[in-house]
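Here is the structure we will look at.
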Amino acid sequence: MITKRSQSGIYLLVAVCVALMAACSLTVGLPKLERDDVVVAFGDSITFGAGATPQESYPAILEKIIGRKVVNAGLPGEVTAGGLARLPKVLEQEKPALVIICLGGNDLLRSMSKKQAADNIREMVRLIRKHGAAVVLIGVPALGLSVSPDPLYREIAEKMNVSLEEKTLSEILADSAFKADLIHPNAAGYRRLAEAVAAHMKKSGAIEATTSQ
């Protein structure tokens, strides 16, 4: 027999589980991608694929998984201010249906203003939407002994209703088996990131099913 006390315990457990699942990512519905739609992976050296070959970068692997063209628009060493300045030309040139942003790590490493970094990312989201494209944001780890997503990404995602893949990059960079160096994944890490992004896209409705890998 379920007593009031045990019933309260069940409700509490369910609430905790829901909260933990919500903390992993923020899935916002995305328009379904057509087969000829272009996806732009926009970011710094992690998007570029430092620590692996070009064919092993996460955009190259993602392209194979989702069966759509994925443009690698990663620039090593870039901070969010540089990304904001570079983005309009990329949008005009590639005319993407979806842009995946993975930026901010260099701002954090250089102890630059976190507020300014967040403002820059918000402006990127606005520019992308102005061009008629959808956005996926990848959470970048905060500085510190424990590798965990910086809260600024969730704050941006919640306030701007942006689909967020929050935890995978932090998990990769917390595991030496997936790292080429202290701040970059290796080939296995990039594959794991690509698979997580593809799963997130599927969950959000951007794609119906994955293809070859």
Inset, instruction - From (1) over 17 Å from residue 192 (Cβ atoms); (2) under 17 Å from the mean Cα position of the chain (by Cα); (3) modelled with pLDDT under 95, pick out the condition that doesn't hold for residue 24. - result: (1)
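If you take the residues in the range 49-86 that are assigned to a helix (DSSP H, G or I) and of a type in the set (Asp, Glu), which one is farthest from residue 190 (Cα to Cα)?
Initial filter on the range 49-86 (assigned to a helix (DSSP H, G or I)): 54-56, 58-66, 80-86.
Next cut, of a type in the set (Asp, Glu) only: 56, 63.
Working: 56: 7, 63: 13 Å.
Looking at residues that are assigned to a helix (DSSP H, G or I) and of a type in the set (Asp, Glu), I get 63.
Would you confirm, using the coordinates I've provided, whether residue 90 is in contact (Cβ under 8 Å) with a residue 24 or more places away in the chain and within 20 Å of residue 54 (Cα to Cα)?
Numbers: in contact (Cβ under 8 Å) with a residue 24 or more places away in the chain: yes; within 20 Å of residue 54 (Cα to Cα): yes.
Yes, satisfied.
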Inset, instruction - Give the residues of the range 165-213 that are surrounded by fewer than 20 Cβ atoms within 10 Å (Cβ to Cβ), part of a loop (DSSP other than H, G, I, E, B), in contact (Cβ under 8 Å) with a residue 60 or more places away in the chain and not small (Gly, Ala, Ser), sorted by residue number. - result: 167, 181, 183, 186, 208, 210, 211, 213
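Would you please name the residue that is farthest from residue 199 (Cα to Cα), looking only at residues in the range 37-58 that are touching a Phe, Trp or Tyr at 6+ places or on another chain (Cβ under 9 Å) and buried (at least 20 other Cβ atoms within 10 Å of the Cβ)?
Restricting attention to the range 37-58, the residues satisfying the condition of being touching a Phe, Trp or Tyr at 6+ places or on another chain (Cβ under 9 Å) are 41, 46-47, 49, 51-52, 54, 56-58.
After this cut, where a residue has to be buried (at least 20 other Cβ atoms within 10 Å of the Cβ) as well, the list is 41, 46-47, 49, 52, 57-58.
On the way: 41: 15, 46: 19, 47: 17, 49: 20, 52: 22, 57: 17, 58: 13 Å.
This residue is 52.
A quick yes/no check of all residues on (1) touching a residue at least 60 places away in the same chain (Cβ under 8 Å); (2) of a type in the set (S, T, N, Q); (3) touching a Gly at 6+ places or on another chain (Cβ under 8 Å); (4) closer than 19 Å to residue 122 by Cα:
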residue	(1), (2), (3), (4)
45	yes, yes, yes, no
49	yes, no, yes, no
54	no, no, no, no
85	no, no, no, yes
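Kindly indicate which of 162, 140 is farther than 28 Å from residue 55 by Cα, surrounded by 21 or more Cβ atoms within 10 Å (Cβ to Cβ) and in contact (Cβ under 8 Å) with a residue 12 or more places away in the chain.
Values: 140 fails: farther than 28 Å from residue 55 by Cα.
None of the others qualify; the one that does is 162.
Does residue 152 qualify as being surrounded by 22 or more Cβ atoms within 10 Å (Cβ to Cβ) and either in contact (Cβ under 8 Å) with a residue 60 or more places away in the chain or not in a loop (DSSP other than H, G, I, E, B) (or both)? So that I can check it myself, show each step before the final result.
Values: surrounded by 22 or more Cβ atoms within 10 Å (Cβ to Cβ): no; either in contact (Cβ under 8 Å) with a residue 60 or more places away in the chain or not in a loop (DSSP other than H, G, I, E, B) (or both): yes.
Here the answer is no, as residue 152 does not meet what is asked.
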Legend entry - Residue within the range 144-167 that is farther than 16 Å from residue 185 by Cα, in contact with a His (Cβ under 8 Å, 6 or more places away or on another chain) and modelled with pLDDT of 95 or more present: yes
Legend entry - Those residues of the range 133-149 which are within 14 Å of residue 117 (Cα to Cα) and not in a strand (DSSP E or B), in sequence order: 139, 140, 142
Legend entry - Residue within the range 93-109 that is in contact with a strand residue (DSSP E or B) (Cβ under 8 Å, 6 or more places away or on another chain), among the small types (Gly, Ala, Ser), in contact (Cβ under 8 Å) with a residue 24 or more places away in the chain and assigned to a loop (DSSP other than H, G, I, E, B) present: yes
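The values are calculated or read from the model by the stated rules, or taken from the named source; none is laboratory data. The structure displayed is predicted, hence computed values, not measured ones. Note that each Cβ is placed from the backbone with ideal geometry, even for glycine, and that neighbours are counted across all protein chains shown.
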